[in-house]
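The block underneath contains the structure these notes are about, expressed in structure tokens.
What follows draws every value from the coordinates through simple rules; no lab data is involved. Note that this is a predicted model, so its numbers are computed, not measured. With ideal geometry, Cβ positions are generated from the backbone for all residues, glycine too; neighbour counts draw on all protein chains shown.
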Amino acid sequence: MLEEKLKEAIVGELQRQADNNPQALRVEGSTDLRVEGKIDLDALVMVIAGSVAGGP
């Protein structure tokens, strides 16, 4: 359960970042991810922390 929430949070955040800046980041797949480019690590960490804490 927690593992699935974390996976969903990570994939969702990476996809959000790619959608906001497609020149800098490309994400392919949903189970086996292929990520190419620059990731905003601070934003990703916040999403993961929120997921673990039970946030949206």
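Each Cα pair under 8 Å and six or more residues apart adds its separation to the average, and for the chain the resulting relative contact order is 37 percent. Angle of helix 2-20 to the longest C-alpha principal axis of the chain, folded into 0 to 90 degrees and rounded to 10: 30°. The alpha carbon gyration tensor of the chain gives principal lengths a ≥ b ≥ c with a/c of 1.5 or higher and a/b no greater than b/c, which makes the shape oblate. To test your reading of the geometry: what angle, between 0 and 90 degrees and rounded to tens, separates the Cα axis of helix 41-53 from the longest principal axis of the chain? Compared with the principal axis, the helix lies near 20 degrees. Taking 0.36 nm per residue of separation and subtracting the current Cα-Cα distance, fully stretching the chain between L2 and E36 would add 9.6 nm. For M1, M46, the sequence from fewest to most other C-beta atoms within 10 Å is M1, M46. Within the listed set L25, L41, L14, the residue fluctuating most in the Gaussian network model of the chain (springs between alpha-carbon atoms under 10 angstrom) is L41.
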